1. Mind checking which residues of region 315-328 are in contact with a helix residue (DSSP H, G or I) (Cβ under 9 Å, 6 or more places away or on another chain) and surrounded by 10 or more Cβ atoms within 10 Å (Cβ to Cβ)?
2. Out of (1) more than 26 Å from C240 (Cβ to Cβ); (2) out of contact with any Phe, Trp or Tyr (no Cβ under 9 Å at 6 or more places or on another chain); (3) basic (K, R), what's the single condition that is false for R76?
3. Six or more apart or on different chains, Cβ atoms under 9 Å: show the pairs whose first residue is in region 10-29 and over 17 Å from D335 (Cα atoms) and in the same structural domain as G196 (by TED's automatic domain parsing) and whose second is aromatic (F, W, Y) and buried (at least 21 other Cβ atoms within 10 Å of the Cβ).
4. Only one of these is of a type in the set (G, A, S), at pLDDT 95 or above and touching a Lys or Arg at 6+ places or on another chain (Cβ under 6 Å): A224, A202, A234, A219. Name it.
5. Quick check on this structure: which one of V58, V32 is over 14 Å from G269 (Cα atoms), assigned by TED's automatic domain parsing to the domain that holds A95, β-branched (V, I, T) and in contact (Cβ under 8 Å) with a residue 12 or more places away in the chain?
6. Do we have L4 as of a type in the set (A, V, I, L, M) and either surrounded by 24 or more Cβ atoms within 10 Å (Cβ to Cβ) or free of Cβ contacts under 8 Å to residues at least 12 places away in the same chain (or both) here?
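The values are calculated or read from the model by the stated rules, or taken from the named source; none is laboratory data. None of these values were measured; they are calculated from a predicted model. Note: ideal-geometry Cβ built from the backbone for every residue, glycine included; neighbour counts use all protein chains shown.
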Amino acid sequence: MSALHAVIMAGGRGTRFWPASREALPKQFLTVCGDESLLRRTARRLYPLTGEENVWVVTNAAHVDVVAEHLPEIRRERIVGEPVGRNTAPCAGLAAALVAREDPEAVLLVAPADHWITDEEGFRRTAATAMRAAAELAGLVTFGIVPTSPQTGYGYIEAAAGEEGPVRRVARFTEKPDRPTAEKFLAGGRHLWNSGIFAWRADVFLEELEASRPELAAACRRIAAARDREAALAEIYPGCEGISVDYAVLERSRRVYVVPSEFAWSDVGSWTALAEVLPADEHGNAVEGDALTLDTHDCLVRSPQRLAALVGLENLLIIDTPDALLICAKERAQDVKALVEALERRGRRDLL
């Protein structure tokens with residue numbers, strides 16, 4: 001098989017993790033349940049597959065030094081700074097173009113920086129299957145998580161009818177369904193959660209990107225070929241279309257496969273999602289930091305600087321930081337993003 005590379009997408013803002021996640025230090029750099037950042041956990045999970053020398057990180061240009069601090073073992077030229085965020089398709093396209101300059105048939109494992117995966121060996125077994133399939137089938141391979149509940153916050157991948165085995169053709173993608181549809185998907189047995197983790201050959205992905213978004217593919221190739229990459233990024237990247245890799249490529253390609261994956265996984269997309277993966281006490285409370293709970297149930301408390309005391313509360317998110325305190329009903333966790341947008345409208349840059 002060709003050389004194996006890993007690409008960590010670390011350019012997100014993590015607005016649903018406000019007030020802990022800020023523009024200067026977004027979610028992927030936070031330490032959650034342990035002493036390692038989500039970014040470092042992700043990189044360490046990938047090193048046994050590709051080696052440290054073949055790991056790339058695409059991040060915000062303002063965070064290149066932060067990435068280098070978290071991952072000092074990665075070569076500096078493998079840390080790519082986006083001057084502006086343009087979603088996952090430009091990120092994946094640029095990474096593929098950079099790797100293709102070294103080896104067009106290299107296989108890329110593309111993963112977000114902020115997912116929570118505890119079964120690292122299970123993940124690596126799945127990744128090895130996906131990367132082998134990407135090389136042998138010259139296809140775009142997705143990781144589909146075998147669903148355990150009718151989640152409405154995830155996208156779904158439908159495997160083609162009659163497909164069996166460890167690698168299956170994809171029939172279609174469905175974005176965040178309503179509850180009845182999610183229940184139908186769960187009962188049918190052909191639908192998987194879309195994890196946002198992928199494997200493909202660099203040249204194959206660029207071919208598919210060129211077929212659906214030729215201008216974007218050309219821009220990625222120009223940046224990768226430039227002698228001064230930072231100057232080319234500053235000049236060309238802001239003009240790239242901001243679009244996800246799912247919409248730009250995967251939903252249009254006829255070369256898409258899925259590997260059903262049973263390792264425990266969460267995209268940790270909100271504080272509620274974090275509460276679901278952290279250990280809880282006998283009353284369902286998940287605590288990070290110093291907290292005292294009395295007659296309190298099913299709350300997430302994150303208070304690293306001072307004692308948080310809770311009495312008679314249920315189903316709340318309480319996130320304490322030196323300059324902001326979030327108190328939110330669990331069922332409204334997705335609306336934290338709206339809080340950040342409100343702060344932006346009010347010009348509260350000091351809290352962003």
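1. Start the filter on region 315-328 by keeping residues that are in contact with a helix residue (DSSP H, G or I) (Cβ under 9 Å, 6 or more places away or on another chain), which leaves 315-317, 319, 323-324, 326, 328.
N315, L316, L317, I319, A324, L326, C328, listed by residue number.
2. For R76, the failing item is (1).
3. Going by the 9 Å Cβ cut-off, the qualifying pairs are A10/F29; P26/F17.
4. Working: A202 fails: touching a Lys or Arg at 6+ places or on another chain (Cβ under 6 Å); A234 fails: touching a Lys or Arg at 6+ places or on another chain (Cβ under 6 Å); A219 fails: touching a Lys or Arg at 6+ places or on another chain (Cβ under 6 Å).
The unique qualifying residue is A224.
5. Numbers: V32 fails: over 14 Å from G269 (Cα atoms).
Going through V58, V32 in turn, the sole match is V58.
6. Working: of a type in the set (A, V, I, L, M): yes; either surrounded by 24 or more Cβ atoms within 10 Å (Cβ to Cβ) or free of Cβ contacts under 8 Å to residues at least 12 places away in the same chain (or both): no.
For L4, the condition - of a type in the set (A, V, I, L, M) and either surrounded by 24 or more Cβ atoms within 10 Å (Cβ to Cβ) or free of Cβ contacts under 8 Å to residues at least 12 places away in the same chain (or both) - is not met.
Every residue, every condition in (1) assigned to a helix (DSSP H, G or I); (2) touching a Leu at 6+ places or on another chain (Cβ under 9 Å); (3) not assigned by TED's automatic domain parsing to the domain that holds A160, yes or no:
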| position | (1), (2), (3) |
| --- | --- |
| I243 | no, yes, no |
| P279 | no, no, yes |
| G289 | no, yes, yes |
| L310 | no, yes, yes |
| L317 | no, yes, yes |
| Q334 | yes, no, yes |
